[in-house]
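Okay, so here's the structure we're looking at.
The values are calculated or read from the model by the stated rules, or taken from the named source; none is laboratory data. From a predicted model like this one, the values you see are computed outputs, not experimental measurements. Neighbour counts run over all protein chains shown; Cβ positions are idealised from the backbone, glycine included.
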Amino acid sequence: MKRTGNEANEPRDVRATSREVAEHALARISEALAAMDPSGEPARNLREAQHDLQRMLRELDAIESRYRSLLDAVPDAVTLHDRNGRIVDANETACRVYGYSRERLRQLTVNDLNPTLPADHMDEVWRTFRLGQTVTVERENVRGDGSKFPVEVHSSAFLDANEKRIVAIARDITLRKQHEDALKSSEARYRLLLDTLDKGILVQDAKGAIVSANPAAERFLGVSEAELISGVVRREEWSNVDADGRTKSWEQLPGPRALATRRVVESTLIGVTSPRIAGYRWFSVTAVPQFRDGHDEPFQVISMFSDVTELKRQSELFRETQALSSIGGWERDFESATLLWTEEIYKLFEIEPGRPVDWATMVAAFVPKDAERLEQAIADLRQGGPAFDLELRIATIARHRRWVRVIGRSVTHRGTTRGVAGTVQDITLRKVQEEQLRRQALTDPLTGLANRDALLRAVSRAIDEANAGRGPALLYIDLDRFKVINDLLGHAAGDGLLVAAAQRLRDAVGADAFAARFGGDEFMVMLPWTEEGGPRTTAERITAAFARPFDYAGEEFTITASVGLAQYPEDGATIQQLINHADAAMYDAKRRGRNKWQPFSRELARELTDRLLIETQLRRALDNNELYLRWQPQVELASRRAVGAEALLRWRNRMLGELRPDVFIAHAENTGDIVRIGAWVIRQALKQMREWRDTGIGIGRIAVNVSYRQLLSESLADLVEDALREHDLPGESLELEMTERVLIEDVADTLETFERLKRLGVRLVIDDFGEGYSALNYLRRLPVDAIKISHGFMHGIPTDPTDTAVCEAIIDIAQSLKLDVVGEGVENEAQRAFLMRQGVTLAQGFLFAKPLSPAELAEFAQRA
């Protein structure tokens, strides 16, 4: 069947095309049968084909009929669209809704039904829609007469004879929109009604969350609707009780109960208190669950409530005080002098119920000091003071002691305070628990001994209670060698040994002493009163107890104890003085050989005073420009030519005068001031080096001593790099000298610092080698350039065989490790000759020059 030009541009129905082909084939078969022998085999075959085609046409008719019936049975407008949005087919509802015939609809596109759609709408649909996917939107379509109406369109992609189509089902939602508008209007009128009611109304959803509250509810509860909805005021801040004073959980309130039971909960009396409500307020609540048509589960509940607080108070005295267990209510009228109690207070005070009571009866139950506090609080309240909340002690008739919480507020009438009303609550259990927590806070969790805070409190109390000549004594105990064992075996073993040491200490000091773990491996024992020789006897028992080895994991370890003793008031009038002086005595005992005890003495007091004075003045030495440098030349032994100089720190204090380095440097290291002072020395030394070089003085390098604390500060390399850059000096011009302690103090960090210094070109030297740890293994691993023989060994060379042998050994070790050797403290020609015979090339000492000023050193260098 030939199509015209106009038909070629129209959408083609696959079902119509199939029918055309079948009908055309039947016509050809009929023509062929008319021209052939009807009894022949070809005719019989054609007739069978004719019957098959006729059966197929009947089936197509049935399919078409079912398809059309199904399509027309859909109550919504259904349109089928091709790739360009053109309507391929439509049902009867679509024709009726849009006001077009089916033939006319087939001439339209989706844009004709909804002119607001963009021109490329079908491109987007074709790109995004997937087979079997349904997309739902709300739009506004246009009828044939130009009228608009809202629709809810469900669109889906499907295959029609292997050709992708879009089916669009448009539901007219005009009535639904009208209903929604009507509902909104109804809700507005409903809201206006709720706002004008003098009853509180709360609306909760199916989960119990508040979704609405009217102004009366806001006023009754003291909370805004927004706060109720958002949960700013948390449920935990509310307290709810029933008419009998029993606490009600949130789920037990009328609203949640109505949701759970799906029944109305009528006129339930609930007492409510919150941070916004002073005392309890009582409400009569009715909760009504709300159901949607055809549903058995409520979608919300409306709770209506009236404030009946005054009515409640008139009918039953302070009923709200029975909301919690062990809480009683009371009211005292100032004018009639009457006192009313609830039954709970009778129980708390263990008084026979119904027995007449008065204010004197109530006050008499309190401990005298607490009774005075209660009387004063009420007196203040009568004068316009605030409500009170007191924790007091009572002694019942049965001699039971209890803690109670007494709350009171004024009862006023026309602005005049007529009385006081409140509650009494038994808080004994809480007080016991607080005491247990307090004790735990004052106990060392590892050893079970008292902790530092507990000790300080005990000493303070003992000093306050001390009589003349009978004050407390403190024993400061430090475990010897504990750190070594702790590092060797690990912290778990260390903790086990601390527990064992604490038990041994308990056994040694007895029950009358107060033993505490003061921190780490330090313990403190306080004897609250002292008899002649008592503290010394206790100290001897402690050192004797710790002289025995400790067993751990099948091994025996010796951990002795050094004990310092200080006594009130002769060794200190304050807690801190006693602790400091016991600490000083302990260190003196450790210095004397460990596993000893030492009392504080006047000599130690003087040492402490001197140390404190030196440390105080030293802290200000830099700021007061009291530090300066002296220089000792380093020379070649053969030529006596100056090749370098060591910077020596000096301190001239305005109060103490000139102090030796061995006096103040140790203090600087103990306090940590050496880090700041050492940084000043490095910068000052390099500044002097720059000045010498600018004036042509040929000093190859300068040596500066650094403390192990400087190496551990993690900033030494940065400091050196900045100072070299500031004075435009190469790293080779600086030599840093340090004692052997740095070899084992913190090897990982030390090695990293050494490597950074070596990259700068700085020379590293171990000073006073042989006097300290002599850690040869670390000496091999660290990038050290040279060692200096201590002047203590040089003193006996060459006459003392021992010193000579030690020096020879040190030189051999250094040379085997390819390290330079510098002799220090060379004072005579014999020592110089010895060093030269051993192959040492550099030295310093009084044989060559004493410490010099910068000008004197410059002169020495030029002269040499």
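Values computed for the structure shown
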quantity	calculated
Residue pairs meeting the criteria (Cβ under 7 Å; at least 6 apart or on separate chains; first in contact (Cβ under 8 Å) with a residue 60 or more places away in the chain and under 16 Å from R611 (Cβ atoms), in region 577-595; second among the aliphatic types (A, V, I, L, M) and assigned to a helix (DSSP H, G or I))	A585/L604
Evaluation of G222 against (1) crowded, with 16+ Cβ neighbours inside 10 Å; (2) within 30 Å of T412 (Cβ to Cβ) (one fails), failing number	(1)
Selection count, region 117-136, where residues are within 54 Å of the chain's Cα centre (by Cα) and exposed (fewer than 10 other Cβ atoms within 10 Å of the Cβ)	4
Identity of the residue in region 285-304, among the small types (G, A, S) and without any contact (Cβ under 8 Å) to a residue 40 or more places away in the chain, that ends up nearest to G271 (Cα to Cα)	A287
Strands (runs of 3 or more DSSP E) completely within region 476-582 that count 1 or more residues being basic (K, R) and either within 41 Å of the chain's Cα centre (by Cα) or within 23 Å of R602 (Cβ to Cβ) (or both)	514-519
The lone exception for A666 - which of (1) surrounded by fewer than 19 Cβ atoms within 10 Å (Cβ to Cβ); (2) farther than 27 Å from A855 by Cα; (3) touching a residue at least 12 places away in the same chain (Cβ under 8 Å) it fails	(3)
Lone unmet requirement of (1) at pLDDT 85 or above; (2) charged (D, E, K, R); (3) not in a helix (DSSP H, G or I) for D370	(3)
Residue identified as surrounded by fewer than 21 Cβ atoms within 10 Å (Cβ to Cβ), within 19 Å of K248 (Cβ to Cβ), at pLDDT 90 or above and not hydrophobic (A, V, I, L, M, F, W, C) among T309, T286	T286
Qualifying positions in region 255-295 - part of a strand (DSSP E or B) and hydroxyl-bearing (S, T, Y)	S267, T268, T273, S284, T286
Condition broken by R457, with the remaining ones in (1) closer than 15 Å to Q567 by Cα; (2) of a type outside the set (A, V, I, L, M); (3) surrounded by fewer than 21 Cβ atoms within 10 Å (Cβ to Cβ) satisfied	(1)
Some residue of region 641-661 being in a helix (DSSP H, G or I) and out of contact with any Asp or Glu (no Cβ under 6 Å at 6 or more places or on another chain)	yes
Criterion (surrounded by fewer than 16 Cβ atoms within 10 Å (Cβ to Cβ) and either under 29 Å from Y280 (Cβ atoms) or aliphatic (A, V, I, L, M) (or both)) met by exactly one of A441, A450, A371	A441
Check on D89, at pLDDT 75 or above, under 18 Å from G144 (Cα atoms), in contact with a Leu (Cβ under 7 Å, 6 or more places away or on another chain) and not polar (S, T, N, Q)	yes
Members of region 824-855 that are part of a helix (DSSP H, G or I), touching a residue at least 40 places away in the same chain (Cβ under 8 Å) and farther than 22 Å from F769 by Cα	P854
Selection status of I407, in contact with a Ser or Thr (Cβ under 6 Å, 6 or more places away or on another chain) and either outside any strand (DSSP E or B) or closer than 30 Å to G384 by Cβ (or both)	yes
Leading residue by the ranking (modelled with the lowest pLDDT) among those in region 312-347 that are out of contact with any Asp or Glu (no Cβ under 8 Å at 6 or more places or on another chain) and hydrophobic (A, V, I, L, M, F, W, C)	A323
Matching residues, region 738-749, being at pLDDT 65 or above and buried (at least 21 other Cβ atoms within 10 Å of the Cβ)	M738, E740, V742
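For every residue, the table says whether it meets (1) of a type in the set (K, R); (2) farther than 22 Å from I766 by Cβ; (3) surrounded by fewer than 20 Cβ atoms within 10 Å (Cβ to Cβ); (4) touching a strand residue (DSSP E or B) at 6+ places or on another chain (Cβ under 7 Å).
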| site | (1), (2), (3), (4) |
| --- | --- |
| I813 | no, no, yes, no |
| E824 | no, no, no, yes |
| N828 | no, yes, yes, no |
| A843 | no, no, no, yes |
| L847 | no, yes, yes, no |
| P851 | no, no, yes, yes |
| E856 | no, yes, yes, no |
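Quick grid of which residues meet (1) loosely packed, with under 12 Cβ neighbours inside 10 Å; (2) closer than 30 Å to A500 by Cβ; (3) outside the structural domain of A492 (by TED's automatic domain parsing):
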residue: A379; (1), (2), (3): yes, no, yes
residue: E391; (1), (2), (3): no, no, yes
residue: R402; (1), (2), (3): no, no, yes
residue: S410; (1), (2), (3): no, no, yes
residue: D426; (1), (2), (3): no, no, yes
residue: L437; (1), (2), (3): yes, yes, yes
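Yes/no matrix, rows are residues, columns are (1) under 23 Å from E297 (Cα atoms); (2) loosely packed, with under 12 Cβ neighbours inside 10 Å; (3) at pLDDT below 80:
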position: P215; (1), (2), (3): no, no, no
position: A226; (1), (2), (3): no, yes, no
position: E251; (1), (2), (3): yes, yes, no
position: R262; (1), (2), (3): yes, no, no
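Okay, residues lined up against (1) surrounded by fewer than 21 Cβ atoms within 10 Å (Cβ to Cβ); (2) outside the structural domain of L779 (by TED's automatic domain parsing); (3) outside any strand (DSSP E or B):
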{"residue": "R690", "(1), (2), (3)": "yes, no, yes"}
{"residue": "R693", "(1), (2), (3)": "yes, no, yes"}
{"residue": "I697", "(1), (2), (3)": "yes, no, yes"}
{"residue": "I702", "(1), (2), (3)": "no, no, no"}
{"residue": "L711", "(1), (2), (3)": "no, no, yes"}
